[in-house]
Amino acid sequence: MSDKVDLKALFEPKSVAVVGASSNPVKIGHKVLNNILAGGYRGEVYPVNPKGGEILGLKVYKRVVEIEGAVDLAVVVVPAPVVFDVVQDCVAAKVKFLIIITSGFSEVGNRREEKKIVDFARKHGMRVLGPNVFGMYSAKVSLNASFGPSKILPGKIAIITQSGALGGAMVGRSVVDRIGLSAIISVGNKSDLDEADLLQYLKEDEQTRVVLMYIEGIKNGGKLIKTLKSMPEDKHVVVVKSGRSKRGALAAASHTGSLAGSDNVFNGIAEQCGILRAESVDDAFNWARVLSELPTVEGDNTVIITNGGGLGVMCADACEKYGVPLMDDSVFLQRVFKDVMPEFGSARNPIDLTGEAGVEEYKVSLKKALKAKEINAVLALYCETGVFDPEGMSDMVIDMGQVYKKSKPILFSMLGGEKVEEIIDETRKKGVHVFDDVYDAASALGALYGRKRFVDEIKHSVETPDVRIDVVSIKRIISKARSEDRRFLMPDEAKEIMKLVGLTLPRWRIARSLDEAVSFAEEIGYPAVLKIVSEDIIHKTDAGGVALDLENKNEVIDAYQAIMKSCRTKFPKARIRGIEVCEMVPKGVETIVGGTLDPSFGPVVMFGLGGIYVETLKDVTFRAVPLTLNDAKKMVRGINAYPILLGVRGEKQKDIKGIVDVLLRVGKLMEKIEDVSDIEINPLMVYEYGEGVKVVDVRILLKQKGENV
Ligand code: COA
């Protein structure tokens, strides 16, 4: 299957057939036809219904094959049992695209029928959107082939939605908020075309500035990542994602596996691809509007201008929350704003004009901020006061909104009674970005900064070093485990693989008896560590299967016996293959590096602070492979505990470079060795800058038979 589909005839069809068009106004087949006509579609429209006759003034064809002209797109609105017959007719009529609105397929377990339809269509070169969709709208040809609202405003935002109902609701909302759309497409069961295919078209569509996606589950994450990574820097993707992957929760063979089950993987991939993840549809719309209408933000100096101290402080908090950097050069700000502020006002950011400020003071200060090229963005706040002049205020906000659009972003936030509400409504109608909550304003500006940071990072990222791993020797070890019908690699095999990916380990040996344990400890030297070796004991410490810091022979004997007793009591059925004796490594910062197979995105790599709290704190970051140097660095910087790696309370910085190197190597392993399902280095001991890192323990699992992620 080729990666790129030419979707021109879907988004810009010259002719559309509505199969199942009905004269009954309450039926979906009527609404679709009506929407197509009411929306002003410029191509040919062919209603199809076995009854023939006329609907909404158009001649009705009894079958698709009877239509004289070519049909680019057929919208299917017949009941599920009849869909296959219609699809056969469409193939015979050489229809290019099908939108199957009909429900009753894989979403209710009827996979066979869905597959039959799609296989047949694909075999004959016809592509399918759906089934179980609400249709689509494409501004380019004014086509509203949906049974959603009739009225849609054309504009620059494209919506791709997995939920048809939510899609309909979003169209309604876009009209109320006067948001223009370039397209809206519901993907439904994604039996053939999916988000990535649609993005390929929208990526090149000149009218679309922002793509807003509502996603529940992703089938082919690898394809989606590739497409997202290829989006141009001036085209933005905002995603609202619900639903969680269950794999981690079901089969937690490692910390990495169980942590991957949370939303962490999607968040990591969003960062990796520069897409903005919104928590709510409200945020998504606000961000999409700002991204599609305002100029890009050029630098890190945002200024808050307010007539209320409290509002200003709240806004500063919101800026911190949403990653909006505030200008802190108070000498400069004093110079710029001194004329417009009363003695008691503050020229530290937020610039407080005080409650005495009227429309004029506002206007002058906004003009000053516009002129000062050092200022990159403005958050203009207003709360209703005694000197409030509603009329002058509306005009000023509209004027300023318009002049700013040519050079830098300005976002307003206003708070007050009825009159303020009227101003908000009036100014929004004129396309000014006015919010009623400072948090919404800061969050929208945060979206602009989020994109700026991503684009800057890409521009300044250095080339990823070429990491080589010994694939042939690694595969040989895996084949041996497979020949013994094992998914679990023995510690010696896992450690050998670590060497083959270029990582170093402390000295170690596996003892099969107490005598061997003692003699290995004497050979390796003290202090020593003993660890249980069993594929059935995943969390060794919890099972009492680890003893650290053993100073002499007697301590080794005691520890050996204690480990055996504890593991046999807690896991009576576990296969115990021996006890690993290894060199006790010096204490450093314990971290964890893992790799697992995400059911949607395939191989992913994880980094986090290790130790006993890893699953409780869930302070981990994920990225999909292949990893770039930039990805690996951001994974390290992305954990909340990053300051610990930078060194707290006079400690020296830790060897972050060493961690990044391990991440790249584990990423390469996950990328090149398809048979590995889970790898976990825990702990990866991290020492001070320049002193490196050490793989203290590693576990590797192979894919389950038949597991094909
Ligand atoms: N070719 C063309 N038209 C045909 C046909 C065929 N082979 N077989 C039947 N039809 C006509 C019917 O005669 C009827 O027209 P009529 O009103 O003139 O009699 C029309 O197609 C629709 O068939 P009907 O049996 O009345 O079904 P319906 O309109 O009640 O429901 C669906 C059809 C597709 C809407 C319904 O099956 C369905 O799937 N609804 C859910 C849709 C949905 O929610 N999708 C997901 C949104 S997110």
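A few notes on this one:
- By the Stokes-Einstein formula, at 0.890 mPa s and 25 °C, the range 485-583 with its Kirkwood radius over alpha-carbon pairs has D equal to 179 µm²/s.
- Excluding ligands, DNA and RNA, the accessible surface per residue across the range 123-194 is 28 Å² with a 1.4 Å probe.
- Modelled spin-label separation between Glu688 and Ile612, with each label point placed 7 Å from Cα along the Cα-to-Cβ direction: 2.8 nm.
- For Gly578, the residues whose amide H sits under 5 Å from its own are Val533, ignoring neighbours fewer than 5 places away on the same chain, with H placed 1.01 Å from N.
- Each Lys and Arg adds +1 at its Cβ and each Asp and Glu adds -1 at its Cβ; summed about the Cα centre, the range 294-459 shows a dipole of about 920 debye.
- Neighbour-limited loop hits for trypsin sites (Lys or Arg not before Pro), the range 417-484 (at most 16 other Cβ within 10 Å; DSSP other than H, G, I, E, B): Lys430, Arg468
- Counted residue by residue at 0.36 nm each, then reduced by the alpha carbon distance between them, the extension gain from Lys587 to Asp456 reaches 43.4 nm.
- If you take the Cα centroid of the range 48-117 and the Cα centroid of the range 587-621, the two points sit 49 Å apart.
- Separation in nanometres of the label points that stand 7 Å from Cα toward Cβ, at Leu548 and Arg42: 7.1
- Cross-link reach list, aspartates and glutamates versus Lys368, counting only Cα pairs under 14 Å and skipping chain neighbours closer than eight places: Asp339, Glu360
- If R0 equals 25 Å, the separation of the Cβ atoms of Leu153 and Val403 corresponds to a calculated FRET efficiency of about 0.55.
- Qualifying lysines (Cα of each under 18 Å from Cα of Lys371; at least 8 residues distant if same chain): Lys338, Lys363, Lys405, Lys406, Lys408
- If the Kirkwood radius is taken over C-alpha pairs of the chain, then at 10 °C and 1.306 mPa s the Stokes-Einstein diffusion coefficient equals 54 µm²/s.
- Atom-type composition of the exposed protein surface of the range 589-702 places 51 percent of the accessible area on carbon and sulfur (1.4 angstrom probe).
- One decimal place: the segment Ser519-Lys657 gains 46.0 nm when fully extended, by the rule 0.36 nm per residue minus the C-alpha distance.
- Between Gln561 and Lys371, the simple spin-label model (points 7 angstrom out along Cα→Cβ) gives 8.8 nm.
- Loop-exposed chymotrypsin sites (Phe, Trp or Tyr not before Pro) per DSSP, neighbour cap 14 Cβ within 10 angstrom, longest uninterrupted part of the chain: 1-343
- Rel. contact order, % - alpha carbon contacts under 8 angstrom, at least six apart, the chain: 9
- Computed FRET value (nearest 0.05) for Lys705 with Lys140, which takes r as the C-beta separation and R₀ as 51 Å: 0.55
- Residue-averaged 222 nm ellipticity for the chain, from DSSP H runs of 4+ at -39500 (n - 2.57), nearest 500: -12000 deg cm²/dmol
- Fraction of antiparallel bridges per DSSP, the chain only, in percent to nearest 5: 50
- The range 406-499: relative contact order as a whole-number percent, Cα under 8 Å and 6+ apart: 19
- Inverse mean reciprocal Cα-Cα distance (Kirkwood Rh) of the range 1-137, Å: 14.9
- FRET E, pair Ser280, Asn640, Förster distance 22 Å, beta-carbon r, rounded to 0.05: 0.45
- Cleavage-rule hits, trypsin sites (Lys or Arg not before Pro), the range 628-658, DSSP coil, Cβ neighbours within 10 Å at most 10: Arg649
The values are calculated or read from the model by the stated rules, or taken from the named source; none is laboratory data. All values reported here derive from a predicted model rather than from experimental measurement. Backbone-built Cβ (ideal geometry, glycine too); neighbour counts: all protein chains shown. The area values use the complete protein model at the heavy-atom level, side chains included, leaving out ligands, DNA and RNA. Shrake-Rupley method; radii C 1.70, N 1.55, O 1.52, S 1.80 Å.
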